[in-house]
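Participant: The following block contains the structure, expressed as structure tokens.
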Amino acid sequence: MAGTGTTQSTCDVIAFTLGAIAGAEPTIEPCDLMSQLAGCATERTFMDVAATCGDTSATLCRCGGTTQNSLRKMYSSLFPVCDSDDPD
């Protein structure tokens with residue numbers, strides 16, 4: 001996992017784990033919290049971009065395609081949109 005300080009590394013690992021629980025896959029975008037790669041010059045975050053899936057190199061995503069948006073994956077998993085026509 002990327003992150004330089006002990007506290008930051010711990011936070012990165014927790015965020016990565018929560019992302020995996022929410023269904024997000026590893027990406028090869030170093031600044032995405034779903035990446036295990038070092039090399040981000042800024043603060044890591046769940047990125048709102050189409051990031052390439054993979055641990056250390058590009059791979060197909062589990063649900064098809066080659067990219068995922070980890071921020072939107074987290075939102076859709078944690079904050080599902082309810083159908084306004086559904087009586088429940």
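Any read-out appearing in this document is the output of simple, stated calculations on the displayed coordinates, not a laboratory observation. Everything numeric here is computed off the predicted structure, so don't read it as measured data. Note: ideal-geometry Cβ built from the backbone for every residue, glycine included; neighbour counts use all protein chains shown.
Participant: Modelled label-to-label distance, Cys63 and Thr45, 7 Å Cα→beta-carbon offset: nm?
Facilitator: 2.2 nm
Participant: Distance in nm between label sites at Ser76 and Thr56, each 7 Å beyond Cα in the beta-carbon direction?
Facilitator: 3.0 nm
Participant: Would you please name the trypsin sites (Lys or Arg not before Pro) within the stretch 1-76 that are DSSP coil residues with at most 11 other C-beta atoms within 10 Å of their C-beta?
Facilitator: Sparse-neighbourhood loop trypsin sites (Lys or Arg not before Pro): Arg62.
Participant: Could you pull out every residue, at least 5 positions away or on a different chain, whose amide H is within less than 5 Å of the one on Ser35? Hs are placed 1.01 Å off N in the peptide plane, and Pro or chain starts have none.
Facilitator: Here Thr27 satisfy the definition.
Participant: Would you compute, from DSSP H runs of 4+ residues alone, the mean residue ellipticity of the chain at 222 nm, taking -39500 (n - 2.57) per run and dividing by the full residue count, rounded to the nearest 500?
Facilitator: Value at 222 nm, helices only: -9000 deg cm²/dmol.
Participant: Note the angle between two axes, namely the Cα long axis of helix 6-21 and the longest principal axis of the Cα atoms of the chain, as a number of degrees from 0 to 90, rounded to the nearest 10.
Facilitator: Approximately 30 degrees, to the nearest 10.
Participant: Scan [x] 22, 18, 9; [y] 26, 16, 10; [z] 38, 11, 8 for the value of semi-axes √(5λ) of the Cα gyration tensor in Å calculated from this model and give just the label.
Facilitator: [y]
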